[in-house]
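Everything on this sheet refers to the single structure shown next.
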Amino acid sequence: MGLVTEILALPAAPFRGVGWVLDKVVQAAEQEYYDPGPVQEKLADLERAREEGRVSDEEFDEQEELLLRRLEEIKAYQLRRAGSNGA
C-alpha cells in the first residue's frame, strides 16, 4: 500500500520539493534576522564611537534605544520559538 501511494503521489513531488526548499530558505532567513550577534556588535561599535567622540550623547542614546529594542524583539522571538517547540 505504501508503494502504491508513493507512485500515485509522484507527480506532486516537484511541488513538495519546492515547498521544502522554501521552508529551508525561510528558516535560514529567520536565523539570520533573529541573530543577536550583529546587534550586540553594533552596540559595542556605538559605545566605542561615543568614547572616541565620533557620536554625540544624544545620537548615542537614540541609536542605543533602537538597538536595545531590537535585542528585546530577538529575545521575545527566541522565547516564542522555545515555547512552541516545547509545547
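The values are calculated or read from the model by the stated rules, or taken from the named source; none is laboratory data. In this text, all values refer to a predicted model and were calculated from it rather than measured experimentally. Positions of Cβ are generated from backbone atoms using ideal geometry, with glycine treated the same way; all protein chains shown enter the neighbour counts.
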- request: Please tell me if Arg50 is on the phi < 0 side of the Ramachandran plot, basic (Lys, Arg) and assigned to a loop (DSSP other than H, G, I, E, B).
  value: no
- prompt: Pick from Phe60, Phe15: which is aromatic (Phe, Trp, Tyr) and either modelled with pLDDT under 95 or not in a helix (DSSP H, G or I) (or both)?
  reply: Phe15
query: On the given criteria, is Glu32 within 30 Å of Ala76 (Cβ to Cβ) and charged (D, E, K, R)?
result: yes
